[in-house]
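Q: Here it is, the structure, as C-alpha cells.
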Amino acid sequence: MSGTQKIAVIPGDGIGPEVATAAVEVLDAVAEKHGLDLDFVWFDLGAEKYLAEGVTMPQATFEDLRDHYDAIFLGALGDPRVPDMAHAKDILLGLRFRLDLYINERPVQLLHPELTPLKGKGPADLDFVILRENTEGLYVGVGGNFKKGTPDEIAVNEMINTRKGTERIIRAAFEYATRHGKRRVCMSDKANVLTYAHGLWQRVFKEVAGEYPDIESRHLFADVAAMELVRAPEDFDVIVTSNMFGDLLSDLAAQLVGGIGLASSGNIHPGRVSLFEPVHGSAPPLAGKDVANPLAMVLTGAQMLRTLGHPEAAADLDRAVRGALADKQVTRDLGGSLGTKATGAALAERVAKG
Ligand SMILES: NC(=O)c1ccc[n+]([C@@H]2O[C@H](COP(=O)([O-])OP(=O)(O)OC[C@H]3O[C@@H](n4cnc5c(N)ncnc54)[C@H](O)[C@@H]3O)[C@@H](O)[C@H]2O)c1
C-alpha cells in the first residue's frame, strides 16, 4: 500500500454532518503537522438519500468501502422521518455484520478532572478500554414470537456464542494489552446463570490467558463489574465482555468520564477496513443549529488514527481536547459557549500551534 490512507467519511443524519465537518478540519490539521497523507472521501448516505431515492447502501458502494478504504469515519444515523431506521440497519449494522467487525473498542479516559461524577477519582484512576464482542450474543436477531398478541404469547431471543467468536474477542483483549503496555485483562460474564453460553467464555478465557503469562487475568460477573467500575475504576486496564454486557458496561463507563459528548468507539476487524463512530446519535433537535459538541467525533478520529498506526498524532489530538476542556473552549453541553464550527476551528488551531 502507498503512504496514502483513504478514509471514507459517512456524515449521516442530524448533527452527523456538522460534527464530521468539524472533526475532519481537526484531523486535517493533525495530518499536516505529522506529515500524514490522509485522503478523506465523503459519502452521501443517510436518511435524506433514502427518502429521496430509496437508496441505503448500494452493493457497489459496499464493495468500494470494503476493498479500497483504510477506515470508515461515521457521524451518526437516525432521522424521525424514518422511524424504523431502515436506512441505518443497512448502513451501520450492515457494515458491522458484513465486514465482520467483531471488536467494539470503547476507550474510557478521563480528560479533565471535573468531568467525573466519582468522588476522589482523577485522570490516573480512569484510563481503561472495554472490548465488547460485536457480532454475536443476544444481538443476532435469532428468535421469534409464538401466539403473538394473545395472553399465551411466547417471545424468544436466542443468545449465540461460538467458539470462534469467543476466542477471537478474548484474544483481541490480550493482544490489545500487549500492544499498549497494559498489565491486566478482566473478562466479565454471567457464567453463574448462563452456564452453557458463558461457561464457554470461561473455558476459552482460561485457555487464552495461559498464552499470555505476563498479563494478569481476572474474572468478574457482569453485575459485580458494574459495581467495581464505580468503586475502583483504577483496577481496570482492559475489560473484555459479550455484546449485551458490553453495551451496558461501556455506557456506564462513558458516564464516569464525561458522558456522551466525549465517548468514541471503533468497530474493528484487524487487517480489514474498520468503522469509527462517536457513541452519541444524530440528536435531531440540535441539528443545523451549530450547537452540537464535536469532541466525541474528534476523539473518534484520534482512535481511528491510533488504529491506523499513528499513535503520536492521536496523542496530539487527545492533548488538544484536554486543553480545550481546561480552557472551556467547548460547546454549551460541556460548560463552554462556542458553537460546533468554532470548537472545531479552535481545536485545529491548537493542534497546529501545539
Ligand atoms: N450510532 C448511531 O448512529 C446512533 C446511536 C444512538 C442513537 N442513534 C439515533 O439517533 C437518534 C436520536 O437518538 P437519541 O436522542 O436517543 O440519542 P442521541 O445520542 O442522539 O441524543 C441523546 C441526548 O444527548 C444529546 N447529544 C447527543 N449528542 C450530542 C452532541 N454531540 N452534542 C451535544 N449534545 C448531544 C442530545 O441532544 C440528547 O439530549 C435516533 O434516531 C437514534 O436511533 C444513532
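Q: Just the number: Rg to Rh for the stretch 110-193, Cα atoms, Kirkwood Rh, two decimals.
A: 1.16
Q: Quick one: net charge around Gly75, please, counting Lys, Arg +1 and Asp, Glu -1 for every other residue with C-beta under 9 Å from its C-beta.
A: The answer is -3.
Q: Right, something else. Between beta-carbons, use under 13 Å as the cut-off and find the net charge around Phe174, counting Lys and Arg +1, Asp and Glu -1.
A: +1
Q: By its C-alpha gyration tensor, with a ≥ b ≥ c as the square roots of the eigenvalues, how is the stretch 119-164 shaped: rounded for a/c under 1.5, else prolate for a/b larger than b/c, else oblate?
A: The shape class here is oblate.
Q: Starting from the Cα of Glu32, step 7 Å along the direction of its Cβ; do the same at Asp223; then give the gap between the two resulting points in nm.
A: For the pair Glu32/Asp223, the computed spacing is 5.5 nm.
Q: P(r) for the chain, please, calculated from all Cα pair distances in 20 Å bins and given in %.
A: 29, 59, 12, 0
Q: Classify the stretch 106-262 from the C-alpha gyration tensor, please: rounded if a/c falls under 1.5, else prolate or oblate depending on whether a/b exceeds b/c. All intermediate terms of the calculation are to be shown ahead of the outcome.
A: Details: a/c = 2.41, a/b = 1.39, b/c = 1.74.
Because a/c hits 1.5 or more and a/b fails to exceed b/c, the stretch 106-262 counts as oblate.
Q: Just want the ordering: Asp127, Asp84, from fewest to most Cβ atoms lying within 10 Å of their own Cβ.
A: Working: Asp127 16, Asp84 7.
Least crowded to most crowded, the residues run Asp84, Asp127.
Q: If you rank Met297, Met187 by fewest surrounding Cβ atoms within 10 Å, what's the result?
A: Going from least to most buried by this count: Met187, Met297.
Q: Taking amide hydrogens as modeled 1.01 Å from N in the peptide plane, which residues meet the under 5 Å criterion relative to Val140, leaving out close sequence neighbours?
A: Under 5 Å from the amide H of Val140 lie the amide H atoms of Ile160, each far enough along the sequence or on another chain.
Q: If you don't mind, another one. So what are the ³J(HN,Hα) numbers for the stretch 183-192, from phi and the Karplus equation (6.51, -1.76, 1.60; θ = phi - 60°), rounded to whole Hz, Gly and Pro as x?
A: Running phi through 6.51 cos²θ - 1.76 cosθ + 1.60 with θ = phi - 60° gives 8, 10, 10, 10, 9, 10, 8, 10, 5, 5 Hz.
Q: Additional query: Near the amide H of Gly75, under 5 Å away, which other amide H atoms are found, from residues 5 or more places off or on another chain, if H is placed in the peptide plane?
A: HN-HN under 5 Å from Gly75: Ile10, Gly12.
Q: Sort 159-166, 175-182, 197-204 by the packing proxy (mean of other Cβ within 10 Å over each peptide's residues), most packed first.
A: 197-204, 159-166, 175-182
Q: Moving on. Measuring from label point to label point, each 7 Å out along Cα→Cβ, what is the Met85 to Arg184 span in nm?
A: Those two pseudo-labels are separated by 3.3 nm.
Q: Which lysines does Lys148 reach when only Cα atoms under 27 Å apart count, and residues fewer than 8 places away in its own chain are ignored?
A: Within reach: Lys89.
Q: Let me check against my output: what whole-number percent is the relative contact order of the chain, with C-alpha pairs under 8 Å and at least 6 apart?
A: Computed value for the chain: 24 percent relative contact order.
Q: Now for a separate question. Pairs Lys33/Lys341; Lys49/Lys289; Lys119/Lys289; Lys6/Lys33; Lys328/Lys353: which exceed 23 Å Cα-Cα?
A: Going by Cα-Cα distance, Lys119/Lys289 fall outside the 23 Å limit.
Q: Also: Based on alpha-carbon centroids, what's the gap between the stretch 1-77 and the stretch 290-318 in Å, whole number please?
A: 14
Q: Another question, if that's okay. What ranking of Leu74, Leu194 emerges when the number of other C-beta atoms within 10 Å of each C-beta is taken as an exposure proxy, fewest first?
A: Result, fewest neighbours first: Leu194, Leu74.
Q: If you count the DSSP beta bridges with both ends in the chain, what percent of them are antiparallel, to the nearest 5?
A: Working: 19 of 46 bridges.
Counting DSSP beta bridges with both partners in the chain, the antiparallel share is about 40 percent.
Throughout, read-outs are computed from the coordinates displayed, never taken from laboratory work. All values derive from a computational prediction rather than experimental measurement. Don't worry about glycine lacking a Cβ; one is built from the backbone with ideal geometry, like all the others, and counts go over all protein chains shown.
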